[in-house]
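So the structure is just underneath, and the comments pick up after that.
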Amino acid sequence: GLVNMKDYLPTLPSVNYIELGPTNNWVIIRGISLGLSEQQSSAGAYLGEMPLSTAATNAFDINLVDIERVEVLKGPQGTLYGSSALSGLTRSIPVAPDLQNTEGYFKVDMSAMSESDDYGHSVEGALNIPLIDDQLALRVTAYRNEKAGYVDVISTPVARAAAETYGTNVIVADDVGGITSTGARASLLWSPSDQLDATLIVGTQELKTDGIPRELLTLGNYNAHYIDTGNGGKPGGDQSSDVNYGNLTVNYAFDWAVLTSASSIIEGDNTQNTSYFLTTNPSNTLIAPAFNPVTITTDIFSQELRLASTLDGPVQFIAGLFYEDVQQDFSFEGVNLFNDPQLLFGEDQVLDYQQKAFFGEVSYQFNDVWELTLGARHF
């Protein structure tokens, strides 16, 4: 039943997770956070060798499907992972293709949720096919996961009065806030020799919500009220996240070290359309309903070269180079859609930067208990 970050990260000691919708995910380790108003995350997230969080975005929440393990590195990881790993890092390691065995699985889950009359379900499967024995294999994974909503949107005197004032309708709906995620991933492993291997991963994922599951506590638990503000009648609005990603990792093993090259591309499109109508000013008068669309488009390319020693003895070292090119367009506006269809507020941000870094560390293992590590990063 563990699918999203919010399912498994809060179960780990010293790790917390805040979800402001499927397009805005915050991983917090040891209570260290830069705050929700800061774009850059204090805890990084990786899928294998691919960074899912940078200064441009918080973590893309790739479903926990066909994953071998999840690693959580607590404490500063900035030497090896950069500025988005101030307090730690999480890594989801996909199952690698098997060069020898044809195998696969198919799984169907059903779930019930308290306070919801709907049922959730998920379907996922994976297929592993060796294309050339002991040299080339392909592993393909696909999934669809639907989680039921639990917030009821009800009609209230305040909502009916607001709808009448502005000539629109009260929205009534049960079990708002369901989330549907659909995705696929393909991994191709080529290992022509004991020294060389290369893995190519390409994937896509789409998340959508059925309304926004926000509660109004004055109406009791799991209740809210909305009027139609011109966004298709969806209670409170809607959210979606589309991400396409690719990674090529090449490893070459020398007698004394392993050289790794990791190239990654991420393209993300996030949208959040939110309706407001019960905002009041200090005189407690109703401000006209507003429709608030937010669009975030992110393109990330990263390249890392890393040399990690495999020496006999107590001394080991790591040295590497890192390059990242990030472009992000952020559009945020609030529009009064009724009696006065004007732009109430708006903001446009363009983030465009390139980062170059080199890093290294050396460690000395005194015994089974004590190890001394010295590391540095310049970017």
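The values are calculated or read from the model by the stated rules, or taken from the named source; none is laboratory data. This is a predicted model, so every value here is computed, not measured. Heads up, the Cβs are rebuilt from the backbone with ideal geometry, glycines too, and the neighbour counts pull from every protein chain shown. Heads up: the accessible areas ignore ligands, DNA and RNA and are worked out on the full protein's heavy atoms, side chains in. Shrake-Rupley method; radii C 1.70, N 1.55, O 1.52, S 1.80 Å.
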(request) Using the Karplus curve 6.51 cos²θ - 1.76 cosθ + 1.60 with θ = phi - 60°, work out ³J(HN,Hα) for each residue of the range 63-80 in order, rounded to whole Hz, and write x for Gly and Pro. (result) 4, 7, 10, 6, 9, 6, 6, 10, 9, 10, 9, 9, x, x, 10, x, 4, 9
(message) Suppose accessible area is computed on protein heavy atoms with a 1.4 Å probe; arrange H225, H378, H121 from highest to lowest.
(response) H378, H121, H225
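Please report the net charge: other residues with Cβ closer than 11 Å to the Cβ of T182, K and R +1, D and E -1. Don't skip to the end; give the middle numbers.
Working: positive: R144, K208; negative: E124, E146, E206, D242.
Once positives and negatives cancel, what remains is -2.
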(message) Using each residue's phi in the range 252-266, evaluate 6.51 cos²θ - 1.76 cosθ + 1.60 at θ = phi - 60° and report the 3J(HN,Hα) Karplus result to the nearest Hz, with x for Gly and Pro.
(response) 10, 9, 7, 5, 10, 6, 10, 9, 10, 10, 10, 10, 9, 10, 10
(request) Any lysines with Cα under 27 Å of the K107 Cα? List them, leaving off those in the same chain fewer than 8 positions away. (result) K6, K147, K208
(request) Of the listed values [x] 78, 45, 37; [y] 82, 63, 53; [z] 109, 48, 34, grab the one calculated as Cα extents along the principal axes in Å from the structure here. (result) [x]
(message) I'd like to know which of L52, T79, I62 lies farthest towards the positive end of the charge dipole of the range 42-103, counting +1 on Cβ of Lys and Arg and -1 on Cβ of Asp and Glu.
(response) T79
(request) Go through K147, K107 and list them by solvent-accessible area, largest first, probe radius 1.4 Å. (result) K107, K147
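Mind checking the per residue accessible area of the chain for me, 1.4 Å probe, whole number of Å²? The partial results should precede the final answer.
Numbers: 18820 Å² over 379 residues.
Per-residue value: 50 Å².
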(message) What are the ³J(HN,Hα) couplings of the range 293-299, residue after residue, when phi is run through the Karplus curve with 6.51, -1.76, 1.60 and θ = phi - 60°? Round to Hz, x for glycine and proline.
(response) x, 10, 10, 10, 10, 10, 10
(request) Sort D312, D269 from largest to smallest accessible area, using a 1.4 Å probe on the heavy atoms of the protein chains. (result) D312, D269
(request) Could you state how much accessible area T297 has, in square angstrom rounded to the nearest 10, with a 1.4 Å probe and all protein chains kept in place? (result) 50
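Work out the P(r) tail for the range 70-134: percent of alpha carbon pairs separated by more than 20 Å, whole number. It would help to have the intermediate numbers written out before the result.
Numbers: 1297 of 2080 pairs.
So the portion of pairs separated by more than 20 Å is 62 percent.
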(request) Excluding L47 itself, calculate the net charge of residues whose Cβ lies under 12 Å from the Cβ of L47, where each Lys or Arg counts +1 and each Asp or Glu counts -1. (result) -3
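What is the sum of charges, Lys and Arg at +1 and Asp and Glu at -1, for the other residues whose Cβ falls under 9 Å from the Cβ of S302?
Computed value for this residue: -3.
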(request) Round to the nearest 10 and report in Å² the accessible area of R30, as given by a 1.4 Å probe over the protein chains' heavy atoms. (result) 140
(message) I'd like the distance separating the alpha-carbon centroids of the range 181-197 and the range 344-361, in whole Å.
(response) 30
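Counting only DSSP beta bridges with both residues in the chain, tell me the antiparallel percent, nearest 5. All intermediate terms of the calculation are to be shown ahead of the outcome.
On the way: 163 of 170 bridges.
About 95 percent, rounded to the nearest 5.
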(message) Check which residues have an amide H placed less than 5 Å from A257's amide H, if you skip close sequence neighbours.
(response) T310
(message) Less than 14 Å apart at the alpha-carbon level, and either on another chain or at least 8 residues along: which aspartates and glutamates does that give for K356?
(response) E304, E324, D325
